[in-house]
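J.: One structure, pasted below without further comment.
The values are calculated or read from the model by the stated rules, or taken from the named source; none is laboratory data. The shown structure was predicted, so the numbers you read here are calculated from the model rather than taken from an experiment. Virtual Cβ from ideal backbone geometry, glycine too; neighbours counted across all protein chains shown.
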Amino acid sequence: MRRLALLLTLTPLLAAQPSRILIYTRNYTPDGKGYVHDNISSSVAALQKLAAGEGFTADHSDDPAVFTDANLKRYRVLVFSNSNNEAFSNDDQRQALQRYIRTGGGFLGIHSATGSERNWTWYAQMLGGKFLRHPKLQTFTVRVQDPYHPATRGLPKTFAWDDECYYHQPLHPSIKPLLVTDPAQLDDPKKAEYPGTLFGDSLPLAWYQEFEGGRTLHVALGHKKEHYDDPLLLGILRGALQWAAKRY
């Protein structure tokens, strides 16, 4: 009877949990010269398909006006997919994001999401790092650091990946790396300046953390349009979405 009473108590709470995700892709600079990825439409289509497979409805927007307390309450996870530069147009929108995270929201950043809001320290801390630069696009070996997380479960121990290898500075000390690479293997004439030997052979490429009551995860892979048809990246994003939505 106690179990039945508990189930009846929890059922309305579970039913009340949002079943939507918001895919956000804003890229704005006042001079209009900020880099905009040509992969955005491909990433949105892939995420919408993944979300549907997980029982979510996925909305897409690049309008910062969606960042209000009332609207964000509709969403289980916010996904910044290849956003870049200025994500918001005023501090009210930034504060709405803070309240969303602090009340237990989930956040998933993809590729250049760490290049958004570069002057806002809290955002970099929340997502786990701030984009610094990347060497030329090239093939490098990715190593699974944590094979037990939903985002990496079932991946091969290592795999070759053709992408931009993002460097981040700073990285938040609480992040837990999921995917890493050895920067020594990269063709980058400036790597002695940064990252140098800071990360040894384990430069983080994807990570997660619990932050101020919310869950945040970032996947730095995903520059090319065709990546969003690749089962390997799609599997990573599916597990990342599940984790951010607190299904694990």
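J.: Restricting the first residue to the range 151-164 and requiring it to be farther than 11 Å from Gly222 by Cβ, which pairs with a second residue that is part of a strand (DSSP E or B) and not polar (S, T, N, Q) meet a Cβ separation below 6 Å and a spacing of at least six or different chains?
T.: Partner pairs satisfying both residue conditions: Ala151/Leu178; Thr152/Val144; Thr152/Leu178; Leu155/Val144; Lys157/Val144; Thr158/Arg143; Phe159/Val142.
J.: Out of Thr141, Thr114, which single residue is touching a Phe, Trp or Tyr at 6+ places or on another chain (Cβ under 8 Å) and crowded, with 18+ Cβ neighbours inside 10 Å?
T.: None of the other options fit; the residue is Thr114.
J.: Given (1) modelled with pLDDT of 95 or more; (2) part of a loop (DSSP other than H, G, I, E, B); (3) of a type outside the set (Gly, Ala, Ser); (4) touching a Phe, Trp or Tyr at 6+ places or on another chain (Cβ under 7 Å), identify the lone condition not met by Pro18.
T.: That leaves (1) as the condition not met.
J.: Residues that are over 21 Å from Leu78 (Cα atoms) and of a type in the set (Phe, Trp, Tyr): does the range 187-201 have at least one?
T.: Yes, the conditions are met somewhere in the range 187-201.
J.: If you don't mind, another one. Quick check, is Thr141 in contact with a Gly (Cβ under 6 Å, 6 or more places away or on another chain), in contact (Cβ under 8 Å) with a residue 12 or more places away in the chain, β-branched (Val, Ile, Thr) and within 18 Å of His227 (Cβ to Cβ)?
T.: Judged against the criteria, Thr141 is not a match.
J.: In the range 71-91, how many residues are of a type in the set (D, E, K, R) and either at pLDDT below 95 or under 13 Å from Tyr35 (Cα atoms) (or both)?
T.: 1
J.: Has the range 181-191 got any residue that is in contact (Cβ under 8 Å) with a residue 12 or more places away in the chain and part of a strand (DSSP E or B)?
T.: For the range 181-191, residues in contact (Cβ under 8 Å) with a residue 12 or more places away in the chain and part of a strand (DSSP E or B): present.
J.: What pairs come up if the first residue lies in the range 213-233 and is in contact (Cβ under 8 Å) with a residue 60 or more places away in the chain, the second is of a type in the set (Val, Ile, Thr) and part of a strand (DSSP E or B), and their beta carbons are under 9 Å apart, counting only those six or more places apart or on different chains?
T.: Final answer for the pair search is Arg215/Val77; His218/Ile110; Val219/Ile110; Ala220/Ile110; Leu221/Ile110; Leu221/Val142; Gly222/Ile110.
J.: Is there any pair with a first residue in the range 70-93 that is buried (at least 18 other Cβ atoms within 10 Å of the Cβ) and a second that is among the aromatic types (Phe, Trp, Tyr) and not in a strand (DSSP E or B) whose Cβ atoms are under 6 Å apart and which are 6 or more apart or on different chains, and what are they?
T.: Going by the 6 Å Cβ cut-off, the qualifying pairs are Leu72/Tyr100.
J.: In the range 222-238, what residues are surrounded by 23 or more Cβ atoms within 10 Å (Cβ to Cβ) and within 28 Å of Arg102 (Cβ to Cβ)?
T.: Gly222, Ile236, Leu237
J.: Another question about this same structure. Being farther than 27 Å from Gly214 by Cβ and part of a strand (DSSP E or B) is true for just one of Thr197, Thr139. Which residue is that?
T.: Thr139
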